[in-house]
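The values are calculated or read from the model by the stated rules, or taken from the named source; none is laboratory data. Given the structure is predicted, the values throughout are model-derived calculations rather than measurements. With ideal geometry, Cβ positions are generated from the backbone for all residues, glycine too; neighbour counts draw on all protein chains shown. What goes into the accessible areas is simple: the full protein's heavy atoms, side chains included, and nothing from ligands, DNA or RNA. Shrake-Rupley method; radii C 1.70, N 1.55, O 1.52, S 1.80 Å.
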Amino acid sequence: MIGRTARAGRGVTRRRSSAGHALATWTTLALSCALSCALPSAAWAEALPDALAKAYQTNPQLNAERARQRATDENVPQALAGYRPQIVASLSAGLQSVRNLLPDNTIQTGNLKPWIIGVTVTQSLFNGFRTANGVRAAELQVQSGREALRNVGQGVLLDAVTAYTNVLANQSLVEAQRSNVAFLRETLSVTQRRLNAGDVTPTDTAQAEARLNRGLADLNAAEVALAVSQATYAQVIGNAPSQLRPAEAVDRYLPKSREDAMTMAIRQHPAVMAASFDVDVASTNIRIAEGTLLPSATIQGSASKSRNNDPALSTLAEDQASIVANVTAPIYDGGQAAAQTRQAKEITAQSRLVLDQVRNQARTAAVSAWVANEGAKITVSASESEVKAATVALQGVQREAAGGQRTTVDVLNSQADLIQAKARLIGAQRDRVIASYTLLSAIGHLDVKTLNLNTPDYLPEVHYHQVRDAWHGLRTPSGQ
């Protein structure tokens, strides 16, 4: 009897050893899958700079903003039209029925076909400097629009970075959860074999089964998040994600200190520069409003030819040509011009306050981005240490469980700690990349030139020079 008990004990020990070996094997597989999921085949991989280049070229939001800027460029030739002559041609012709009562009480009737053709040329000589100030305001609007376009470009590139890293992170989480499910399945299988051998209680089996179901739920949630991030990626980048390469932070482009980040943000961020141009536009509009109170002078030349076939008239044809100078000075317009001037001054004061607000926002955003980036570095380092420690702890718990010093729930808890540590590391690595690009955006340097992307830079000034001095033509430079 004692001998059978001893042999049974050795059998249980061998089963525990085999169970511990199985758990260790599945742990190794889980770690290798979690680490390899972020390193896809280089032959089919798409790097982050390639995705950013695609987004820069094809993103609808950015292309719509470019179209808006091209429309803003047209304000300049519209303002320059005030310097140019206005030419109007006129033509009138018709049928006219005439019934004339002559002095001798006779009646004369007839059907006439009069017509007149003429051309008028009007040139403004002085209009209270409104044309000059209008051109300046239009050019300042173009400058403000360019900065707004640059700001939208930064936002699109940051969205692309976020979409790219979210797909990477969610792919890694899915692989980690799959490895976790595989581990839990094997644990449940081992526990059931041990239950059949009488080595554990049904409680252990129930605990392993509960953890497996939780793992399946976590895997489903990770797969849903991956599908959502893939859809967002296609929306921002323009194509569905394939195999993505690990993304890297852009620390080499970042300022060295928080103070440098703040200084660069309030001086170089496109939102600040756009608000500064808006102040100049508002100030120029004051002078435009004041210009309506000044005299204006125009010169007008006209020529016309008319014909009339009424035989009762002494003149059947008339040719005219004239040139007339016209000077007008406003005396009182009911207070409209004064109200417009006061309104322009208040709008200018508002624009200055908005500029102060934007500067404060840029400063705050730069500080927040700097702190977040520095904190992300610490979080990544701590998460890496946590994963290493959790891996060692799981291996130790497995060995102790194989020796009968730990229970199944201890192994399951240790595995859960490791999976949570991996998830935190994956999230920290994603946040690290996003934080670096966010800081680059906060200082106004998230653009094609800084990142050296393999795509031509969109130059809004090209279209501006194409249309600035255009005197005529309905087609846009793109041929539309």
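Evaluate the stretch 264-284: report whether one residue or more is farther than 30 Å from Val156 by Cα and among the small types (Gly, Ala, Ser). Yes: one or more hits. Screening Ile347 on (1) under 25 Å from the mean Cα position of the chain (by Cα); (2) more than 30 Å from Gln420 (Cα to Cα); (3) among the hydrophobic types (A, V, I, L, M, F, W, C); (4) open to solvent by 50 Å² or more (accessible area, probe 1.4 Å) shows it passes everything except condition (1).
Being assigned to a strand (DSSP E or B), among the polar types (S, T, N, Q) and either modelled with pLDDT of 95 or more or surrounded by 16 or more Cβ atoms within 10 Å (Cβ to Cβ) (or both) is a description that applies to Ser124. Residues considered: Arg178, Arg185, Arg214, Arg146. Of these, the only one that is in contact with a Phe, Trp or Tyr (Cβ under 9 Å, 6 or more places away or on another chain) and under 30 Å from Ala428 (Cβ atoms) is Arg185. Reported count of residues in the stretch 353-383, each being open to solvent by less than 80 Å² (accessible area, probe 1.4 Å), of a type in the set (Val, Ile, Thr) and farther than 30 Å from Ala282 by Cβ, is 3. Here the condition is being at pLDDT 95 or above, under 23 Å from Pro49 (Cβ atoms) and in a helix (DSSP H, G or I); of Ala265, Ala221, Ala231, it holds for Ala231 alone.
Please indicate, with yes or no, whether at least one residue in the stretch 235-254 is crowded, with 17+ Cβ neighbours inside 10 Å and either among the acidic types (Asp, Glu) or without any contact (Cβ under 8 Å) to a residue 12 or more places away in the chain (or both). Before you say what the answer is, go through the steps one by one.
Keep residues of the stretch 235-254 that are crowded, with 17+ Cβ neighbours inside 10 Å, which gives 236-237, 241, 244-245, 247, 249-250, 254.
Checking which are either among the acidic types (Asp, Glu) or without any contact (Cβ under 8 Å) to a residue 12 or more places away in the chain (or both) leaves us with none.
No, the stretch 235-254 contains no residue that is crowded, with 17+ Cβ neighbours inside 10 Å and either among the acidic types (Asp, Glu) or without any contact (Cβ under 8 Å) to a residue 12 or more places away in the chain (or both).
Scanning the stretch 281-288 turns up at least one residue that is in contact (Cβ under 8 Å) with a residue 24 or more places away in the chain and within 30 Å of Ile323 (Cα to Cα).
Looking only at residues in the stretch 188-234 that are of a type in the set (Asp, Glu) and within 20 Å of Ala423 (Cβ to Cβ), the one that is surrounded by the fewest Cβ atoms within 10 Å (Cβ to Cβ) is Glu223. If you check Ser302, Ser306, Ser276 for being in contact (Cβ under 8 Å) with a residue 60 or more places away in the chain and either in a helix (DSSP H, G or I) or not hydroxyl-bearing (Ser, Thr, Tyr) (or both), only one passes: Ser276. Considering only residues of the stretch 387-442 that are surrounded by fewer than 17 Cβ atoms within 10 Å (Cβ to Cβ) and outside any helix (DSSP H, G or I), which is modelled with the highest pLDDT? Ranking the qualifying residues of the stretch 387-442, first place goes to Gln405.
Quick grid of which residues meet (1) closer than 30 Å to Ile116 by Cα; (2) aliphatic (A, V, I, L, M); (3) out of contact with any helix residue (DSSP H, G or I) (no Cβ under 8 Å at 6 or more places or on another chain); (4) modelled with pLDDT of 95 or more:
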site	(1), (2), (3), (4)
Pro311	yes, no, yes, no
Ala321	yes, yes, yes, no
Gly334	no, no, yes, no
Lys345	no, no, no, yes
Arg352	no, no, no, yes
Leu355	no, yes, no, yes
Arg359	no, no, no, yes
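Scanning the stretch 317-340 for residues that are outside any strand (DSSP E or B) and either open to solvent by 90 Å² or more (accessible area, probe 1.4 Å) or acidic (Asp, Glu) (or both) gives Ile331, Tyr332, Asp333, Gln336.
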